[in-house]
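Below is one structure, written out as structure tokens; the observations come after it.
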Number of protein chains: 2
Amino acid sequence: MDARLMEQKAGVRERGPAGGPGPTPGEGGAGTALLFLREEQMRLAQDLFFFAYRDLAASADAILLEFGLGRAHHRALHFIGRRSGIAVSELLALLRITKQSLARVLAELVARGLVLQVPGPRDRRQRLLSLTEEGRALERRLFERQRERMVAAYREAGGAAVDGFRRVMRGVMDEQTRDLLEPRGARSPAADRGRAAG
Amino acid sequence: MDARLMEQKAGVRERGPAGGPGPTPGEGGAGTALLFLREEQMRLAQDLFFFAYRDLAASADAILLEFGLGRAHHRALHFIGRRSGIAVSELLALLRITKQSLARVLAELVARGLVLQVPGPRDRRQRLLSLTEEGRALERRLFERQRERMVAAYREAGGAAVDGFRRVMRGVMDEQTRDLLEPRGARSPAADRGRAAG
DNA sequence: CGAATTAAGACAGCTTCATTGACTTAATGG
DNA sequence: CCATTAAGTCAATGAAGCTGTCTTAATTCG
């Protein structure tokens, strides 16, 4: 482990290393203490990911329960709403689940009139997905619930923090995922190829 | 919806609102456009949460597969390692799952010699949990795999970004979760009550 | 002391959401 | 025409959560 991977100065120590469990610092000079600090920072980041994701996801559960839907349905609604006219195969690539897993979820959403399937105009094998009026209404309710939380967090943290948040989140993703994230955002010139039915 | 919740200046437009699907801006004056921008920001944040969490979690799967363990085991190992000597009830509160769900996971970890249970010295009803040597070794491998990703993200983003990341992540959590996050971090004076067996 | 509470564990059954593998149908495209 | 692709389907399986009920042992409190 090379001893200078992060040259951050600001915000690194925020709070002492919480003297409790784990290897106690100060046994091998300042280098060891720094290593310990950095490890504690990374472990804290793991905690943050777990708790923040869990609580954000859970905040929409009450609405889902009303409809007898689960989180898998929420994710599908989210991405279909975000990319209206998306093909099934594209949705599969976004979610990274199998065709079977998605099929169950999608069948329920279509059966309840929340999602619409129309054959692709250019490629009629495709079934392009979009939200119905009802689907859009539900997705909006779910979104508003989570939005409250995120707006509050963004406001408390401030604009600079928001920018930092986004940079770190992007950095943690797979490179492949990062490419998928930009709907038409340029950067890579081969990104908007093969996207029929805008 | 009041029209000035976020007074962020930096990093708000980073990329145009991706002219594709959704309500097109510029139909109701500048106010509508700003509203649209903010909504797009919040939806992007949802994407970031989903993708970053998923990819970070998935990065440890290969190691788990070697051992025939799942992500639930990983989470348990993580928190037991982080709070050595934690009681079962405390672990339940951290994970927010039921006793049954944890029991299955814990039984496997103990059976494989990765986790140790010892009766609480003060309260002998408790079973205090800690990692065995083997358990610590496995947890470290899992941690290192995720650490690579996070260190890279932190380094690319920079120190200020890391601080912002942490603030936003904290803000998104439940208040209750935020309290649990600080192992002995003061701030709230009733935080370190009832924590037997340090 | 004795009763109520608490910590942990166990039994039985269920739900959600993912997996694999094999196969079909229809449309596309060289 | 034939290989490939998009989507859907059947069947079985696994991971990880849930409920409700119950027991045992230890603690706490009136």
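The values are calculated or read from the model by the stated rules, or taken from the named source; none is laboratory data. The shown structure was predicted, so the numbers you read here are calculated from the model rather than taken from an experiment. Positions of Cβ are generated from backbone atoms using ideal geometry, with glycine treated the same way; all protein chains shown enter the neighbour counts. The area values use the complete protein model at the heavy-atom level, side chains included, leaving out ligands, DNA and RNA. Shrake-Rupley method; radii C 1.70, N 1.55, O 1.52, S 1.80 Å.
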Q: Show B:65, A:116, A:131 ordered by accessible area, largest first, where the area counts protein heavy atoms only and the probe is 1.4 Å.
A: B:65, A:116, A:131
Q) Considering every residue in B:81-89, what mean count of other chain Cβ atoms within 10 Å of its Cβ is obtained? A) 2
**Q.** Computed P(r) (all Cα pairs; region B:61-181; 5 Å bins; percent)
**A.** 2, 10, 18, 19, 18, 15, 10, 6, 2, 0
**Q.** Shielding by partners, peptide B:144-150 (average Cβ within 10 angstrom, other chains)
**A.** 5
Q. Within the accessible area of region B:61-181, what % is carbon and sulfur when the probe is 1.4 Å and the other protein chains stay in place?
A. 50 percent
Q: Compute, for residue B:98, the solvent-accessible surface of its heavy atoms (probe 1.4 Å) with the complete set of protein chains present, and express it in square angstrom to the nearest 10.
A: 80 Å²
Q. Which distances, shortest first and in nm, link residue B:110 to the matching position in the other copies, using label points set 7 Å out along Cα to C-beta?
A. 4.8
Q. Hey, can you list the residues from region B:35-68 whose accessible area shrinks by 50 Å² or more with all protein chains present, relative to the chain by itself (probe 1.4 Å, no ligands or nucleic acids)?
A. B:42, B:43, B:46, B:47, B:48, B:49, B:50, B:51, B:52, B:53, B:54, B:55
Q: In whole Hz, with x marking every Gly and Pro, tabulate ³J(HN,Hα) for region B:126-134 from phi via Karplus 6.51 cos²θ - 1.76 cosθ + 1.60, θ = phi - 60°.
A: 6, 10, 7, 9, 8, 7, 6, 4, 4
Q: Tabulate in residue order the Karplus-calculated ³J(HN,Hα) for region A:169-175, using 6.51 cos²θ - 1.76 cosθ + 1.60 with θ = phi - 60°, rounded to whole Hz; enter x for Gly and Pro.
A: 4, 4, x, 7, 5, 4, 4
Q: Would you pull out the residues with amide H under 5 Å of residue B:126's amide H, same chain only if 5 or more places away, H placed 1.01 Å from N?
A: B:120
(Q) Label position 7 Å from Cα toward Cβ: report the copy-to-copy distances for residue B:141 in nm, one decimal, ordered from shortest. (A) 4.7
Q) Got the residue A:99 label distances to the other copies yet, label 7 Å along Cα→Cβ, in nm, shortest first? A) 4.5
Q | Members of region B:157-171 that become less accessible by 20 Å² or more once partner protein chains are added (1.4 angstrom probe, chain alone as reference) | A | B:157, B:159, B:161, B:163, B:164, B:165, B:166, B:167, B:168, B:169, B:170, B:171
Q) Could you give the dipole magnitude of region B:61-181 about its Cα centre, charging the beta-carbon of Lys and Arg +1 and that of Asp and Glu -1, in debye to the nearest 20? A) 240 debye
Q: Give the accessible area for residue B:86 in Å² (nearest 10); use a 1.4 Å probe, count only protein heavy atoms, and leave out ligands, DNA and RNA.
A: 10 Å²
Q. Can you name the chain A residue with its Cβ nearest the rotation axis from A to B, and give the distance in Å as a whole number?
A. A:164, 1
Q: Report the one residue of B:150, B:92, B:78 whose Cα lies farthest in the direction of the positive end of the charge dipole of region B:61-181 (charges on C-beta: Lys and Arg +1, Asp and Glu -1; origin at the Cα centre).
A: B:92
Q: Calculate the length of the line joining the C-alpha centroid of region A:46-72 to that of region A:78-133, in whole Å.
A: 22 Å
Q: Give the long-range amide H neighbours of residue A:86: residues separated by 5 or more places, or on another chain, with amide H under 5 Å away, using H modelled in the peptide plane at 1.01 Å from N.
A: A:129
Q. Considering only protein heavy atoms, what per residue accessible area in square angstrom results for region A:61-181 with a 1.4 angstrom probe?
A. 49 Å²
(Q) Taking θ = phi - 60°, what integer Hz values does the Karplus form 6.51 cos²θ - 1.76 cosθ + 1.60 yield along region B:106-116, in sequence order, with x for Gly and Pro? (A) 5, 4, 5, 5, 5, 4, 8, x, 9, 10, 10
Q: Taking the dipole about the Cα centre of region B:115-172, with the C-beta of Lys and Arg at +1 and of Asp and Glu at -1, give me whichever of B:120, B:138, B:161 is farthest to the positive side.
A: B:120
Q.
Counting protein heavy atoms only and a 1.4 angstrom probe, how many square angstrom of accessible surface do chains B and A bury in total, to the nearest 100?
A. 8000 Å²
